[in-house]
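What follows is a short report on a single structure.
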Amino acid sequence: MATRTITLFALCLAVYVVSASPIKKQQLRSVLKTNTEHQKIKRAPPVIPRFPTFPPTTVKYGDSCSRELDGICRDSCLENENNIGGGCSGSQVCCKDDGDARGDPHYTSFDGKRFASQGKCSYILTQDSVNTPADWKIVVHNEEGLHNGRTVSLVSFVDVDIKGILITFGPGDTVKVDGNPVKPDEYVFGNDDLHLMRAINNKLKFYFKGYFDVLFDGEHKVDVNLTPLLANKVCGLLGNNDEDPSNDFMMPDGTVTTKRDEFIASWQDGE
């Protein structure tokens, strides 16, 4: 008797499925399809995240002073450094090396040595001292002009050469890249390490990430700021950035002279 009851129940179930309405059939197909897709998703291989890699020129430190401002945290800035703001822990301040050429022209080395020159030539302000030939260099071109009613030598324009890319700052807001005029707020190098922009006080700024920035006021003043990465790795009129101004008159052959004019002449750019 029990066997018959089971058989009859199975038969009734089969009839119910066959005679089910079209709507129920569609619902059944939808459930089956959903289950199948769910199984496919389950069988898919896991996605392994790809973390970004930083280029060799990018310097990463723990504080935003080094990481974002390319400075170094100290209890107080050295004589040749500028306090460029926060980003350091505790009571420390963010410091950055600064060298400049201005006026007729007066120079201040990265280590704080000051001197003047009336040379009317092109001079290597600073350059890479690690590689031969140098991977980069900054050249000032001095010409005769009037300053405060006197005929003197003035910084006329500035060249920044990085591995064959030539950026030229001229009078006013004139900027050229490889000889072609560009707009600093719009030009893109196609390299995340190189940036050209208009800085505060309408100065033109070129930024080489992880290494240095150059600011030119469009008249006769140029400022160069170095990152800690370039400590004792530069040479030129602005010295070697080793925190010792006594050896800043070092010539290209490594000889330190006490004669200002001899030192200046040795850094005349021959190109």
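The amide H of Phe157, built 1.01 Å from its N in the peptide plane, has His141 as neighbours under 5 Å, considering only residues 5 or more places off or on other chains. Contact order, relative form, for region 149-271: 13 percent (alpha carbon pairs under 8 Å, 6 or more residues apart, mean separation divided by residue count).
A Cβ-based charge dipole, computed about the Cα centre of region 144-271 with Lys and Arg at +1 and Asp and Glu at -1, lands at about 280 debye. Taking the 1.4 Å solvent-accessible surface of region 140-206 as the whole, the part contributed by carbon and sulfur is 47%. Taking amide hydrogens as placed 1.01 Å from N in the peptide plane, the amide H of Asp135 sits under 5 Å from those of Asp128, each at least 5 positions away in sequence or on another chain. Across the cross-link table entries Lys163/Lys205; Lys113/Lys163; Lys205/Lys233, which are compared at the Cα atoms, the separations over 27 Å belong to Lys113/Lys163.
The values are calculated or read from the model by the stated rules, or taken from the named source; none is laboratory data. Remember, it's a predicted structure, so these values are computed and weren't measured experimentally. Glycine gets a Cβ as well: all are built from the backbone with ideal geometry, and neighbour counts include every protein chain shown. When the accessible area is computed, the model is the full protein with side chains, heavy atoms only, and any ligands, DNA or RNA have been set aside. Shrake-Rupley method; radii C 1.70, N 1.55, O 1.52, S 1.80 Å.
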